[in-house]
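Since the structure comes first, as structure tokens, the remarks are kept for the end.
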Amino acid sequence: MEQKKILIITYYWPPAGGPGVQRWLKFAKYLPEFGWKPVIFTPENPSYPLLDESLLKDVPENIDIVKTKIWEPYQLAEKLNKSNKKFKAGQFDVGKNQSWKSKLSIWVRGNFFIPDARVFWVKPSVKFLEQYLKDNKIDVVVTSGPPHSLHLIGLNLKKKLPNLKWIADFRDPWTEISYYKHLKLTKSSDKKHRQLESDVFKNADITLATSYTDAENFRKNGANAVCITNGFDETDATQTLKSSSSQTLKQKFTLSYIGVLEQLRNPENLWKALDDLVKTNSDFAGNFTLKFVGRIDDKILNSIENSGLKNHISNLGYISHDKAITEMQTSDMLLITNFPNESSKGIIPGKIFEYLATGKQIISFGPDKADVSKILNETNAGKHFSYDDSETIKSFILEKFELWKSGNLLENNQNIEQFSRKNLTKKLVDILD
């Protein structure tokens, strides 16, 4: 039986690092097991904020990868202000940390590049792919955003080829994402963003969301939306659980943050709670390490280093995905953060699923009634806090610390099979067929 073909239009592809690349890399890895042949369409010369060569091992053998050139204005932005390097990762200074150059750069970014700075890839991609789709039998086209400009490629192809089956995959929301309100948009720019988003929702055959709340919100805005969360790869998880089970009692009680941490997701109340603990509890102070693995905003790091936590920090910087998983294994608690506002309760950071596979306790920060909280409750894997919580954070951490000291901080990974990449790919295939 001939395999069906799915064309995946994605900006992020190995050697890109970070969470954005892994969703469709993992789908592409498992799709052939279910009778689907993935074809990747991605930029030839992208400006990735992070690189991770270790992810190349997950690229399926003999996969068709089609590349065309892209022009991105990031070099111009970085000449205006060095801190604009953060733009490539969807980050920027906020509040009192904004200089006039930052404010100007953010205004230009939000109003001149709609929906984002990769928009210059849309027209040439549509022109190329219109002919490609006529020359090659493709059963389904997927666009994955952010960058949400890739959805405009799908939208334009759908208008030119009405019989095309198009899936718009939203790894993050568009106008509902937390930083949207920080883009300093004019009324006309805001209207254009929202109109384009609405056009995508109404024209895509299926809109994929990575959280339950996002899917519900998308449906309210006219989308035929289905939730398929991110997950953990069975291959990685097997190694994780093997290594984790062989760990001996560590010398330090280690709380780790793995990934990128920007100012809009900074749990200042956690740092204050930890600062209080190391100042008032000598036992805790003598046994505690706060480990960062990934890219931490300089201003966040400087603030922590100027507190009582200074001598308790282990900052490893960005490392490969494989090594990051090892660092998860050698931790006792794992930290995850989300944007604090109500509209972000549907965001489920992708690393939570790899956290789950380790069996380690998870401490989470974000808005009340968040989807992350639902997952932690279902799996009994940790606790979710709001950014207003204070004393309850200290109690939770001390409880886990006492269990660690006595050797009774047990690992747990119940009800996590539903989040395996293979099972999630099966769920995707059920939608495609």
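The values are calculated or read from the model by the stated rules, or taken from the named source; none is laboratory data. Note that the structure is a prediction, hence the values are computed from the model and not measured. Glycine gets a Cβ as well: all are built from the backbone with ideal geometry, and neighbour counts include every protein chain shown. Just the protein is used for accessible areas: all its heavy atoms, side chains included, with ligands, DNA and RNA removed. Shrake-Rupley method; radii C 1.70, N 1.55, O 1.52, S 1.80 Å.
Treating only the Cβ atoms of Lys and Arg (+1) and Asp and Glu (-1) as charged, compute the dipole magnitude of the chain about its Cα centre; round to the nearest 20 debye.
Details: 61 positive and 52 negative charges, 300 e Å.
In total the dipole reaches around 1440 debye.
Could you tell me, in Å, what Rg and Dmax come out for the Cα atoms of the range 106-224?
Looking at the range 106-224, its Cα Rg and Dmax stand at 14.3, 43 Å.
Using amide H atoms built 1.01 Å from N in the peptide plane, name the residues 5+ places from LEU334, or on other chains, whose amide H lies under 5 Å from its own.
Amide H to amide H, under 5 Å and 5 or more residues apart or across chains, LEU334 pairs with SER256, GLN361, ILE362, ILE363.
Order these peptides, 223-234, 348-359, by their mean beta-carbon neighbour count within 10 angstrom, highest first.
348-359, 223-234
Which of the trypsin sites (Lys or Arg not before Pro) found in the range 134-189 are in a DSSP loop and have at most 10 neighbouring Cβ atoms, other than their own, within 10 Å?
LYS137
From largest to smallest, what semi-axes in whole angstrom does the chain give when each is the square root of 5 times an eigenvalue of its alpha carbon gyration tensor?
Taking √(5λ) for each eigenvalue gives 37, 26, 19 Å, largest first.
Could you give me the ³J(HN,Hα) list for the range 258-263, computed from phi with Karplus coefficients 6.51, -1.76, 1.60 and θ = phi - 60°, whole Hz, x at Gly and Pro?
Couplings: 10, x, 9, 10, 10, 4 Hz.
Carbon and sulfur: what percent of the chain's accessible surface (1.4 Å probe)?
49 percent
Rg over Rh of the range 156-218, using C-alpha atoms and the Kirkwood radius, what does it come to?
Values: Rg = 13.0 Å, Rh = 12.9 Å.
Result: Rg/Rh = 1.01.
Divide by every residue of the chain the summed helix terms, -39500 (n - 2.57) for each DSSP H run of at least 4, and state the resulting mean residue ellipticity at 222 nm, rounded to the nearest 500 deg cm²/dmol.
So the helix-based figure for the chain works out to -12000 deg cm²/dmol.
If the viscosity is 1.306 mPa s and the temperature 10 °C, what translational diffusion coefficient in µm²/s does Stokes-Einstein give for the range 320-433 when Rh comes from Kirkwood over Cα pairs? It would help to have the intermediate numbers written out before the result.
Numbers: Rh = 15.3 Å.
For these conditions, the coefficient is 104 µm²/s.
Past the 24 Å Cα-Cα mark, which pairs from LYS134/LYS191; LYS252/LYS360; LYS192/LYS374; LYS165/LYS187; LYS159/LYS345; LYS181/LYS299?
From LYS134/LYS191; LYS252/LYS360; LYS192/LYS374; LYS165/LYS187; LYS159/LYS345; LYS181/LYS299, over 24 Å: LYS134/LYS191; LYS192/LYS374; LYS165/LYS187; LYS159/LYS345.
Which residue fluctuates most in the GNM of the chain (Cα springs below 10 Å): PHE27, PHE128, PHE284?
PHE128
Please express the shape of the range 259-322 as an equivalent ellipsoid: the semi-axes are the square roots of 5 times the eigenvalues of the C-alpha gyration tensor, given largest first in whole angstrom.
So the equivalent ellipsoid measures 21, 14, 9 Å along its semi-axes.
In the Gaussian network model of the chain, springs joining C-alpha atoms below 10 Å, which of SER395, SER331, SER54 carries the largest mean-square fluctuation?
Greatest mean-square fluctuation among the candidates belongs to SER395.
I want to verify a result. In a Gaussian network model of the chain, Cα cutoff 10 Å, which of these has the top mean-square fluctuation: PHE170, PHE292, PHE112?
Top of the fluctuation ranking is PHE112.
How large is the accessible surface per residue of the chain, computed with a 1.4 Å probe and reported in Å² as a whole number?
Values: 18660 Å² over 433 residues.
Using a 1.4 Å probe on heavy atoms only, each residue of the chain averages 43 Å².
How about the range 17-71: which trypsin sites (Lys or Arg not before Pro) there are in a DSSP loop, with at most 11 other Cβ atoms within 10 Å of their Cβ?
LYS69
Sorted from largest down, give the three principal axis spans of the alpha carbons of the range 15-61, whole angstrom values.
For the range 15-61, the Cα extents along the three principal axes come out at 33, 19, 17 Å.
Please list the non-local residues whose amide H lies under 5 Å from the amide H of THR68, H modeled 1.01 Å from N, same-chain partners needing a gap of 5 or more.
THR42, GLU44
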